[in-house]
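Novice: One structure follows; several queries about it will come next.
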Amino acid sequence: MNISNSVENYNKKFGAVFTPNAWARRIVEKHFFTQWLNGASILDPTAGEGVFIESFLSLAREKGHSLTQDRLAQLYGVELNQKFIDNFHHRIKSKYSIDFPEDNFRQGDILFQNVEIKADFLVGNPPWVNFTDLDETYKEKIKHLFIEFGLVTNQKDLLLGNARTDIASLILIKVLLSNLKENGKAVFFLPLSIFQNDGANQAFRKYKVRGVNFCVEDIMDFNGNKVFDDILGRYGVARFQRDKPQMFPIHYHVLENGKWLLHKAKPLFNSTDPLTVFNDDASELRLQGFQKIVLAKHLQPRQGVNTCGANDIFFFSSFQAVGSHQVELKSKKGERFVVSAKYVFPLTVSATLTKGEPRPEKVILIPHKTDGKPLDLPSLEAEEGLYSYLLKHKGVLDNRKGVLINTWIQKGYWWSLMGIGPYSFVPYKIMWKAFGDSKFTPRILHPDDFLGSWQGNQSLNAFIGASTFDEAQEIYNKLTNPLIQEYLSSLRMQGTCNWAQPGRMKKLMEFV
């Protein structure tokens, strides 16, 4: 087997991200090296090729300290991939002319250890991958652990809203409980989504597991500076202590122009909310004084329509009116059919929210009633062109993945979409970019004269629907409060998929 291909497959399957030597040495030298020389034990629970363990050895040689058997015996690692362990032993033998204790670098999964290693300090870089993106077999093996460690309440939650829970949070909470001695400390490279995403990692931010407290003492945010190759998300270094309750604010260091600038961070509204990072005391006072936007209960933020992986079937760039009530659609494959205009709606594209008077450049086919429910089969069959087109794609639509869409498919509604409700069909939308932006710029979208209400494109857009222009204008005025931009920026999720998603925006609102 090609070694590079096998490593690449392993990385993808388990979310492995390898730490550069220089950064491993900095962490070890700053936090652990002196303690190790004085007899403290160190464990890297997801050791990869042992870069953190080797950092102790290289620093000892450089500083003139002997690599005694007692010192070697205080270094531990656990790693799934035996090839990485073998590479480590060969490398250490070659570079340092020593035999590292074989029993101290175990092959196995840190989540499933028959005999736990208990260390004074933990250091490492756990896998960076969401539960939903894991290998299917491994998902089945570990999903009960998310419940056992309190990260979700049941498996249904894991499959639905919390499917974006980071496996790093599971490994962290397990090793802080099971592998760290009382009052021990730990330092890990981590995706910052653990601290700054809504929903998925909220339970981790209780900072307690099975009655044992742990706290995050400070965070170093690399602020987009490149440390790891091929990693696009935000990441940093976090320092924890076991058996200490969480206190706020914490120190939050941001790397800007080669210097680490110190800020404060704490959740703004609820204790398990994402961390808000304050640039100064004035911004903290402004945000703490924010008065929540009061809206009627039906005016909640929503994501756009979700085709569950079938965009090519429901999205069209080629369309034209046929008479006063019908539209001819042409798919990417060249299929043409005519359908009632009441099932065709303008779809937002990137220019929709920036142009003065946007005109539809794409449309979306929505075979649903205005109450949000999918058409029943007799109604669908009565629309001959629509039914004939969808029937050609039944195989693809039947095989879409996802718990919620499969509920509809199993009931026989294989043509269903997700994210559809009465709110989808109200004439006015106050819409904004929810994904990958850094500026919160909502705008009112008026209904198209022929195609009607604009529809958001899945998680790219979020919106609040309004029945009248006056209602839309009132909501818009509330959303243009400059503190909303300041709050979103303080969460440091600019440019990510979590920029201004509905769950995040709801924290700024009160529904009556």
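Novice: Do we have any residue at all in the range 248-261 that's of a type in the set (Ser, Thr, Tyr) and buried (at least 19 other Cβ atoms within 10 Å of the Cβ)? Let's see the steps before the verdict.
Specialist: Applying the first criterion (of a type in the set (Ser, Thr, Tyr)) to the range 248-261 yields 252.
Among the residues that remain, those that are also buried (at least 19 other Cβ atoms within 10 Å of the Cβ) are: 252.
Yes.
Novice: Give me the pairs, please: first residue somewhere in the range 393-412 and at pLDDT below 95, second residue anywhere and surrounded by fewer than 12 Cβ atoms within 10 Å (Cβ to Cβ) and not polar (S, T, N, Q), beta-carbon distance under 9 Å, and either six or more positions apart or on two chains.
Specialist: Taking only residues 6 or more apart or on different chains, the pairs are 403/156.
Novice: For residues that are surrounded by fewer than 17 Cβ atoms within 10 Å (Cβ to Cβ) and assigned to a helix (DSSP H, G or I), scanning just the range 32-57, find the one that is farthest from the chain's Cα centre (by Cα).
Specialist: 37
Novice: Only one of 379, 388 is at negative phi, of a type in the set (S, T, N, Q) and touching a residue at least 12 places away in the same chain (Cβ under 8 Å). Can you tell me which?
Specialist: Numbers: 379 fails: touching a residue at least 12 places away in the same chain (Cβ under 8 Å).
Within the list 379, 388, the selection yields 388.
Novice: Being over 22 Å from residue 168 (Cα atoms) and modelled with pLDDT of 95 or more is the requirement here; does residue 92 meet it? Break it down stepwise before answering.
Specialist: On the way: over 22 Å from residue 168 (Cα atoms): yes; modelled with pLDDT of 95 or more: yes.
Yes: the conditions hold for residue 92.
Novice: On to the next question. Any residue that is more than 30 Å from residue 450 (Cβ to Cβ) and in contact (Cβ under 8 Å) with a residue 12 or more places away in the chain - is there at least one of those in the range 297-304?
Specialist: As a first pass, look at the range 297-304 and keep what is more than 30 Å from residue 450 (Cβ to Cβ): 297.
From the residues that got through so far, the ones that are in contact (Cβ under 8 Å) with a residue 12 or more places away in the chain too are 297.
Checked the range 297-304: at least one residue is more than 30 Å from residue 450 (Cβ to Cβ) and in contact (Cβ under 8 Å) with a residue 12 or more places away in the chain.
Novice: While we're looking at this one, here's another question. Kindly list the number of the only condition in (1) surrounded by 19 or more Cβ atoms within 10 Å (Cβ to Cβ); (2) of a type in the set (A, V, I, L, M, F, W, C); (3) more than 26 Å from residue 331 (Cβ to Cβ) that fails for residue 417.
Specialist: The one condition residue 417 does not meet is (3).
Novice: Further question: Whether any residue in the range 225-234 is surrounded by fewer than 20 Cβ atoms within 10 Å (Cβ to Cβ), among the basic types (Lys, Arg) and farther than 26 Å from residue 438 by Cα is what I want to check.
Specialist: Taking the range 225-234 as the starting set, the residues that turn out to be surrounded by fewer than 20 Cβ atoms within 10 Å (Cβ to Cβ) are 225-233.
Applying the additional criterion that residues be among the basic types (Lys, Arg) yields 226.
Then keep just the ones that are farther than 26 Å from residue 438 by Cα; that gives none.
No, every residue in the range 225-234 fails to be surrounded by fewer than 20 Cβ atoms within 10 Å (Cβ to Cβ), among the basic types (Lys, Arg) and farther than 26 Å from residue 438 by Cα.
Novice: Can I ask one more? Inside the range 163-185, can you point out the residues that are assigned to a strand (DSSP E or B) and either buried (at least 18 other Cβ atoms within 10 Å of the Cβ) or touching a Ser or Thr at 6+ places or on another chain (Cβ under 6 Å) (or both)? Explain how you work it out, then say what you get.
Specialist: Quick first cut of the range 163-185, residues assigned to a strand (DSSP E or B) only: 166, 180-185.
Within the range 163-185, 166, 180, 184, 185 meet the criteria.
Novice: Among the strands (runs of 3 or more DSSP E) contained in the range 62-147, which hold 1 or more residues that are surrounded by 15 or more Cβ atoms within 10 Å (Cβ to Cβ), of a type in the set (D, E, K, R) and in contact with a Ser or Thr (Cβ under 9 Å, 6 or more places away or on another chain)? Show your work before the answer.
Specialist: Working: elements: 75-79, 105-107, 119-124.
So the answer is 75-79, 119-124.
The values are calculated or read from the model by the stated rules, or taken from the named source; none is laboratory data. What you are looking at is a predicted structure, and each value in this text was computed from that prediction instead of being measured. Positions of Cβ are generated from backbone atoms using ideal geometry, with glycine treated the same way; all protein chains shown enter the neighbour counts.
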